[in-house]
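Structure first, then comments.
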Amino acid sequence: MHLIAKLSIYNLNYDIDILFDKLCIIGQSGYGKSTLLKCIHNIIKYQGFISINNKKHYKTMLMNQDSKLFDDTVYNNLIKIQKIFNCIDKDLIYKYLNDLQVSHLINTHVSSLSGGEYQRICIIRTLINKDIDCLLLDEPASALDLQSTIILNNILGQYDKPIIYITHNLNLTFGNIIDISSLLT
């Protein structure tokens, strides 16, 4: 994947030209890592341009630090998101439920989940949308224990789409690792 971005937002100016399959962005808090992902996902306005593989119009799926689930069961949350994107694949849902060791929660209401369980369901909901050009993850392991982080690391390493992710957790670093300060001009 080829990401090119020259953009300005707030007091931040980015100059990016990088080839990657998996891109990990690390760096200090307040340097605009989450803002950059939101710009790539096109949910906040910026000045400049962003292209992925020389396309200005591309499909991304973003998991924010504060992703929310529907007020429903785990299963219905996962089916609803696939219906929204018209790509229902129950086998894929069960694969990730098993991989992230939460299959026993399939009929559980999301209000009963622990923080780590909730985050794993948010991760699954993000991973099951395959009709994208790039997956964007903002601190996907922030509520996970070490074992779950290692499992997630393996899943993301095998994921068949390009990924841009932000982490402060150095246990979840793979692919091209870049410090956000090197992207600022």
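Please treat every number below as a calculation from the coordinates, not as lab data. Just so you know, these numbers come straight off a predicted model, no measurement behind them.
Some points to look at:
- Calculated on the Cα set of the stretch 51-102, radius of gyration then Dmax: 13.8, 40 Å.
- Kirkwood Rh (inverse of mean 1/r, distinct Cα pairs), the stretch 2-183, angstrom: 16.9
- Structure-based [θ]222 nm, the chain - -39500 (n - 2.57) summed over DSSP H runs of at least 4, per residue, nearest 500: -9000 deg cm²/dmol
- Relative contact order of the stretch 120-185, pairs being alpha-carbon contacts under 8 Å that are 6 or more residues apart, as %: 36
- Restricting attention to the stretch 32-156, lysine pairs at least eight places apart or on different chains and with alpha-carbon atoms under 19 angstrom apart total 21.
- Note on the stretch 1-102: along the principal axes its Cα atoms extend 41, 29, 23 Å, ordered by decreasing extent.
- Beta bridge orientation in the stretch 2-183: antiparallel %, DSSP, nearest 5: 50
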